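Colleague: Before we start, here is the structure in question, set down as structure tokens.
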Amino acid sequence: MLHAVIMAGGSGTRFWPASRKMQPKQLLALSGQRTMIQSTLDRLGDLVPQNQRWIITNQLLTDAVREQLPELPAENVVGEPCKRDTAPCVGLAAAMIRRIDPDGTMVVMPSDHVIASPDKFQAAIAAGEKLIDEDPTRIVTFGIKPSYPAESFGYIERDEASQIDAAGVDAYAVKQFREKPDQATAQRYLDEGTFYWNSGIFLWRASTIFDALEKNAPKMSQHLTAIADAMGQDNFGEVLTKEFTAIEGTSIDYAVMEKYKNVVVVEAPFPWDDVGSWQALSRLHDPDSNGNTVVGSHVGIDTGGCIVVGEPGHTVVTIDVKDLIVVQTKDATLVAPKHAEERVREAVKALEEQGMTDKL
């Protein structure tokens with residue numbers, strides 16, 4: 001059976017002040033009426049039944065996630081007691097799924113992407129599932145054809161000589177995973193045409209990925225097995241906290257993907273945006289005639305190229321400014337030049353250091 005695993009433990013600090021500790025980015029509606037995590041599940045359509053959809057999130061967010069996704073069984077929303085990166089997150093889901101469905105296949109994806117064509121997304125997942133049915137030891141990942149020399153994404157280099165027939169989508173063996181590059185290297189990747197952005201969307205048998213973790217991170221897999229063995233028992237929460245906290249965190253890319261030999265990359269046939277920061281809104285909403293992206297009520301006088309976000313009932317007025325990010329919430333306002341948007345994390349850290357935790 002096909003299971004869907006949504007990684008939803010991020011804090012979304014680059015979207016402060018809208019994103020907060022108890023309401024991070026994945027629980028916000030940034031690209032429509034539905035929140036990001038709701039939209040992530042919506043795009044699965046009928047591909048995965050509700051009882052085979054799993055959310056791995058922060059323990060503090062389990063109630064909020066269950067409230068937004070009442071159609072899911074409560075036990076399918078699992079809260080990590082602490083941050084341990086993506087390998088333990090993926091491994092936990094794999095251990096639990098393997099226990100109830102030994103031959104189960106998992107599609108793993110972040111909760112904060114925007115994919116505008118659900119039908120194309122579902123077709124790509126179905127094609128990837130066929131690749132795994134042909135060879136259950138395969139790992140399938142989805143690469144995004146780059147449109148500019150991005151320095152903020154990891155890259156996947158394909159093996160040109162290994163094109164695979166994959167039910168109407170282009171697929172290749174992976175030659176190498178690459179870390180986030182500098183600008184010159186990113187431009188070279190774009191020019192060469194054999195590199196993809198790493199979307200962070202994966203498809204594999206639960207047993208395959210867990211076996212790989214057992215090989216490369218045996219101590220981690222022991223803790224995860226203990227958690228899975230406690231499924232359905234009264235002490236599951238206690239076991240989860242004890243065993244998960246004892247894990248040394250690392251990314252799934254480092255733990256498995258960069259070492260595994262049988263990896264196939266499918267060129268994603270769907271439009272994709274990772275919505276990493278406030279500037280993503282300019283890609284999700286049509287700018288006005290002056291290049292301003294506005295969510296809310298805004299009056300601009302000699303204003304151009306700005307991103308303006310305001311609470312309902314509040315009007316933001318800007319005069320003689322360009323290329324600013326202005327975000328107003330009920331208890332905090334952010335004003336920053338667009339080129340400095342990565343420094344929003346610094347603002348969050350400064351608030352924490354000054355004891356202003358009520359703003360976080």
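Colleague: Collect the residues in segment 237-259 that are part of a loop (DSSP other than H, G, I, E, B) and in contact (Cβ under 8 Å) with a residue 24 or more places away in the chain, keeping them in residue-number order.
Modeller: ILE247, GLU248, GLY249, THR250, SER251, GLU258, LYS259
Colleague: Only residues that are over 23 Å from ASN262 (Cβ atoms) and not in a helix (DSSP H, G or I): list them for segment 186-196, please.
Modeller: Matches in segment 186-196: GLY193 only.
Colleague: Counting only residues that are surrounded by 12 or more Cβ atoms within 10 Å (Cβ to Cβ) and among the polar types (S, T, N, Q), which one in segment 177-196 is farthest from ILE252 (Cα to Cα)?
Modeller: GLN187
Colleague: I need every pair where a residue in segment 93-109 that is assigned by TED's automatic domain parsing to the domain that holds TRP54 has its Cβ under 6 Å from the Cβ of a residue that is modelled with pLDDT of 95 or more and basic (Lys, Arg), sequence separation at least 6 or different chains.
Modeller: Here the result reads THR105/ARG205, each pair linking segment 93-109 to a residue that is modelled with pLDDT of 95 or more and basic (Lys, Arg).
Colleague: Which of the residues spanning segment 2-22 are modelled with pLDDT of 95 or more and either over 20 Å from LEU351 (Cβ atoms) or in a strand (DSSP E or B) (or both)?
Modeller: LEU2, HIS3, ALA4, VAL5, ILE6, MET7, ALA8, ARG20
Colleague: To continue, here is another question. Could you grab me the full set of residues in segment 226-236 that are touching a residue at least 60 places away in the same chain (Cβ under 8 Å) and not in a loop (DSSP other than H, G, I, E, B)?
Modeller: Listed by number, the residues that qualify are ILE227, ALA228, ASP229.
Colleague: What pairs can you find where one residue is in segment 287-305 and under 20 Å from ALA18 (Cβ atoms) and at pLDDT 95 or above, the other is loosely packed, with under 14 Cβ neighbours inside 10 Å and of a type in the set (Ser, Thr, Tyr), and their Cβ atoms are less than 6 Å apart, with a gap of 6+ or different chains?
Modeller: Correct list of pairs: SER297/THR315.
Colleague: Going by the conditions given, is ASP286 at positive phi and of a type in the set (D, E, K, R)?
Modeller: no
Colleague: Can you tell me which residue within segment 156-208, out of those that are within 30 Å of ARG99 (Cβ to Cβ) and hydroxyl-bearing (Ser, Thr, Tyr), is nearest to the chain's Cα centre (by Cα)?
Modeller: Here the answer is SER199.
Colleague: Kindly provide the set of residues from segment 314-360 that are modelled with pLDDT under 95 and more than 19 Å from SER19 (Cβ to Cβ), ordered by number.
Modeller: HIS339
Colleague: Yes or no: segment 251-266 includes at least one residue that is at pLDDT below 95 and β-branched (Val, Ile, Thr).
Modeller: So far as segment 251-266 goes, no, none of its residues is at pLDDT below 95 and β-branched (Val, Ile, Thr).
Colleague: May I ask you to verify whether ALA150 is assigned by TED's automatic domain parsing to the domain that holds THR57 and either part of a helix (DSSP H, G or I) or basic (Lys, Arg) (or both)?
Modeller: Taking the combined requirement at face value, the residue does not satisfy it.
Colleague: In the set THR245, THR225, which member is over 23 Å from HIS3 (Cβ atoms), of a type in the set (Ser, Thr, Tyr), at pLDDT 95 or above and in the same structural domain as ASP170 (by TED's automatic domain parsing)?
Modeller: Exactly one residue qualifies, and that residue is THR245.
This table checks each residue for (1) free of Cβ contacts under 8 Å to residues at least 12 places away in the same chain; (2) part of a loop (DSSP other than H, G, I, E, B); (3) touching a Leu at 6+ places or on another chain (Cβ under 8 Å); (4) closer than 21 Å to GLY104 by Cβ.
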{"residue": "GLU157", "(1), (2), (3), (4)": "no, no, no, no"}
{"residue": "SER162", "(1), (2), (3), (4)": "yes, no, no, no"}
{"residue": "ASP165", "(1), (2), (3), (4)": "yes, no, no, no"}
{"residue": "ALA171", "(1), (2), (3), (4)": "no, no, yes, no"}
{"residue": "ALA184", "(1), (2), (3), (4)": "yes, no, no, no"}
{"residue": "ASN198", "(1), (2), (3), (4)": "no, no, no, no"}
{"residue": "ILE201", "(1), (2), (3), (4)": "no, no, no, yes"}
{"residue": "GLU214", "(1), (2), (3), (4)": "yes, no, no, yes"}
{"residue": "LEU224", "(1), (2), (3), (4)": "no, no, yes, yes"}
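The values are calculated or read from the model by the stated rules, or taken from the named source; none is laboratory data. Just so it is clear, the structure is predicted and the values come from calculations on it, not from any experiment. Glycine also receives a Cβ, built like all others from the backbone with ideal geometry; neighbour counts cover every protein chain displayed.
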